[in-house]
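Report on one structure; see the data block that follows.
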Amino acid sequence: MLDATTRSGGTATVTPRTAAAELAVATAGPVAPTGFTARVTRVLLSPWSRLSLLVALLASAATTVVLFQPQELLTNGWPPQLGGAAAALAYAVAYGLCTVAFVPRPLLNLAAGALFGSQLGLGSALAGTVLGSGIAFCLGRVLGQEALRPLLRGKWLKAADGQLSRHGFRTMLAMRVFPGVPFAASNYCAAVSRMGLLPFLLATGLGSIPNTAAYAVAGARASTPTSPAFLIALACIALPGLAGAVVAWRKRHRLRGH
């Protein structure tokens with residue numbers, strides 16, 4: 001048996017087998033950390049830990065909304081320190097955060113119209129809608145997708161996931177134009193699916209225009225409930241909701257047929 005190294009004239013000679021072993025060790029890269037720290041890291045970054053963090057964040061946001069009661073804007077008005085475009089921008093940011101905390105959008109849209117009028121209120125509400133949906137989508141995608149995707153086993157859940165994954169833009173556009181699915185639920189359904197962020201935001205912005213405009217006009221004209229603008233706004237609110245209910249009913253019977 002020859003040694004791994006032999007010396008000749010004070011010079012070490014490495015055998016080919018030893019050289020290959022050393023090369024393999026050098027190219028293997030850093031060894032993954034083991035022990036208690038590694039186990040804690042795996043637990044904290046696991047899908048279910050991230051989902052738990054998402055649930056905790058949403059519960060905290062909802063609790064904050066209940067405590068601060070943003071619906072008082074309808075009665076007390078906007079703080080007098082802000083006015084014009086600055087107030088509309090601040091309201092858009094607050095609108096987006098409130099939608100993540102499950103504040104109903106109709107209430108926020110009415111308040112936007114009552115505070116800023118039809119046009120500026122519509123712009124502020126649309127900006128808040130896109131902001132809030134984007135925040136919810138990113139939170140759901142990063143914290144909830146890996147844990148929730150394995151649970152998509154029911155017929156309805158598989159159908160919704162397939163529709164959003166393959167035809168995300170047009171599906172989300174229809175969901176926004178014909179409101180039937182709650183806003184927060186549609187955000188997190190899209191996040192769990194394989195739909196992209198940009199199509200989601202574009203469909204949300206475009207599809208939310210009719211319904212948001214109707215509520216903003218209704219809020220701006222609430223002081224004159226018999227005016228034609230207010231009555232037309234009410235009709236524009238009711239008709240898409242009715243159409244959405246009809247479409248959902250037909251989809252339900254089609255799924256049952258399969």
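The residues of region 159-186 that are in contact with a Phe, Trp or Tyr (Cβ under 7 Å, 6 or more places away or on another chain) and touching a residue at least 60 places away in the same chain (Cβ under 8 Å) amount to a single one, 184.
Taken over region 118-138, residues that are in contact with a Gly (Cβ under 9 Å, 6 or more places away or on another chain), under 13 Å from residue 219 (Cα atoms) and either acidic (Asp, Glu) or surrounded by fewer than 21 Cβ atoms within 10 Å (Cβ to Cβ) (or both) amount to 2. Answer yes or no: is there a residue in region 167-187 that is open to solvent by less than 20 Å² (accessible area, probe 1.4 Å), assigned to a loop (DSSP other than H, G, I, E, B) and at pLDDT below 90. Checked against the condition, which is being open to solvent by less than 20 Å² (accessible area, probe 1.4 Å), assigned to a loop (DSSP other than H, G, I, E, B) and at pLDDT below 90, region 167-187 yields no hits at all. Among the residues of region 218-229, those that are out of contact with any Gly (no Cβ under 6 Å at 6 or more places or on another chain) and crowded, with 18+ Cβ neighbours inside 10 Å comprise 218, 221. Restricting region 102-112 to residues that are open to solvent by less than 40 Å² (accessible area, probe 1.4 Å) and under 24 Å from residue 202 (Cβ atoms), which is modelled with the lowest pLDDT? Among those that are open to solvent by less than 40 Å² (accessible area, probe 1.4 Å) and under 24 Å from residue 202 (Cβ atoms), it is 103.
In the set (1) outside any loop (DSSP other than H, G, I, E, B); (2) crowded, with 19+ Cβ neighbours inside 10 Å, the condition left unmet by residue 86 is number (2).
The values are calculated or read from the model by the stated rules, or taken from the named source; none is laboratory data. Just so we're clear, the structure is a prediction, and the values are computed from it rather than from any experiment. Reconstructed Cβ throughout: ideal geometry from the backbone, glycine too, with neighbour counts over all protein chains shown. Accessible surface areas use protein heavy atoms only, side chains included; no ligands, DNA or RNA. Shrake-Rupley method; radii C 1.70, N 1.55, O 1.52, S 1.80 Å.
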